[in-house]
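Below is one structure, written out as structure tokens; comments come after it.
The values are calculated or read from the model by the stated rules, or taken from the named source; none is laboratory data. It should be emphasised that the depicted structure is a prediction, and the values quoted were computed from it without experimental measurement. Note that we place each Cβ from the backbone using ideal geometry, even for glycine, and neighbour counts take in every protein chain shown.
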Amino acid sequence: MIDEAKAWSYGKAWWWRSLLLAWFGYVFAGLLHDPGNANLFGMFNLCIHEGGHLLFSRCGQFLAIAGGTITQLSAPLYGMWNFYRQKDFFSIILCFGWLSTNLFNVSQYMADARSMSLQLVSLGSGETIHDWHYLFGRMGLLPYDHVVAGFVWFLAVLSMAVCFMAGAWLLWQMMVQPRRRPSL
């Protein structure tokens, strides 16, 4: 895959992609400071999350509640798979950044499972259920909400680190390779 990514880098413009990577740095700094940071992804991720509840609504209560997070985390993973099929390696890297924003959000939601102090959003006018209070309660993990949330936070940082390191490597490949392939 490294050779494929190097070959993909030939002739690609690095400068505007570097702006996207820098923007992810800005988003990452905001999320480290406040995991509830309302960045550009926040509302988009929330809509996917709520759509996941609808998608899984006929699968029983447990899956209907878990479906929000399942869908929220599946969207950037699907993006990675789709961009790999297209051999767009920089877009794959950006999906790691997008996944990170979702993991930060899920981590914050998980850490709130016992205290239930976050203001929740709900589709419709029914009773609002705190997803992770319910899920952890059903799995007997409610006392460990902060432990599990800490692990998910670590995955969020790791995902963003992949975004930065692989993104910087791809940018470097674009910069050092000639703009055109050598003629044979």
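Among the residues of the stretch 75-86, is there at least one that is farther than 25 Å from S9 by Cβ, of a type outside the set (D, E) and in a helix (DSSP H, G or I)? Scanning the stretch 75-86, I find at least one residue that is farther than 25 Å from S9 by Cβ, of a type outside the set (D, E) and in a helix (DSSP H, G or I), so the answer is yes. Taken together, F28, F24, F41 contain a single residue that is touching a Ser or Thr at 6+ places or on another chain (Cβ under 6 Å) and either β-branched (V, I, T) or under 30 Å from M175 (Cα atoms) (or both), which is F41.
Do any residues in the stretch 158-181 that are under 24 Å from N102 (Cα atoms) have Cβ atoms under 6 Å from those of residues that are basic (K, R) and at pLDDT 95 or above, where the two are at least six apart or on different chains, and which pairs are they? Note: no pairs meet the criteria. If you go through the stretch 1-56 and pick out every residue that is among the basic types (K, R) and within 19 Å of D112 (Cβ to Cβ), you end up with 0. Which residues, taken from the stretch 1-14, are within 24 Å of the chain's Cα centre (by Cα) and surrounded by fewer than 11 Cβ atoms within 10 Å (Cβ to Cβ)? Scanning the stretch 1-14 gives M1, I2. All conditions in (1) at pLDDT below 95; (2) over 17 Å from I65 (Cα atoms) hold for L99, with the sole exception of (1). If you take the residues of the stretch 49-60 that are surrounded by fewer than 19 Cβ atoms within 10 Å (Cβ to Cβ) and in contact (Cβ under 8 Å) with a residue 40 or more places away in the chain, which of them is farthest from L120 (Cα to Cα)? In this case the residue turns out to be L54. Restrict the check to the stretch 94-113 and report whether at least one residue is surrounded by 14 or more Cβ atoms within 10 Å (Cβ to Cβ), more than 23 Å from V157 (Cα to Cα) and in contact with a helix residue (DSSP H, G or I) (Cβ under 8 Å, 6 or more places away or on another chain). Within the stretch 94-113, not a single residue is surrounded by 14 or more Cβ atoms within 10 Å (Cβ to Cβ), more than 23 Å from V157 (Cα to Cα) and in contact with a helix residue (DSSP H, G or I) (Cβ under 8 Å, 6 or more places away or on another chain). Cβ-Cβ contacts under 6 Å between residues 6 or more apart (or on different chains), taken from a first residue in the stretch 15-44 that is outside any helix (DSSP H, G or I) to a second residue that is among the β-branched types (V, I, T) and surrounded by 17 or more Cβ atoms within 10 Å (Cβ to Cβ), are listed as N39/V27.
Of everything in the stretch 145-184 that is aliphatic (A, V, I, L, M) and modelled with pLDDT under 90, the residue that is nearest to S117 (Cα to Cα) is V176.
Can you find, within the stretch 28-56, the residue that is modelled with the highest pLDDT among those that are touching a Gly at 6+ places or on another chain (Cβ under 7 Å) and closer than 14 Å to F104 by Cα? Filtering first and then ranking leaves H49. Scanning the stretch 2-14 for residues that are under 13 Å from F90 (Cα atoms) and free of Cβ contacts under 8 Å to residues at least 60 places away in the same chain yields I2, A7.
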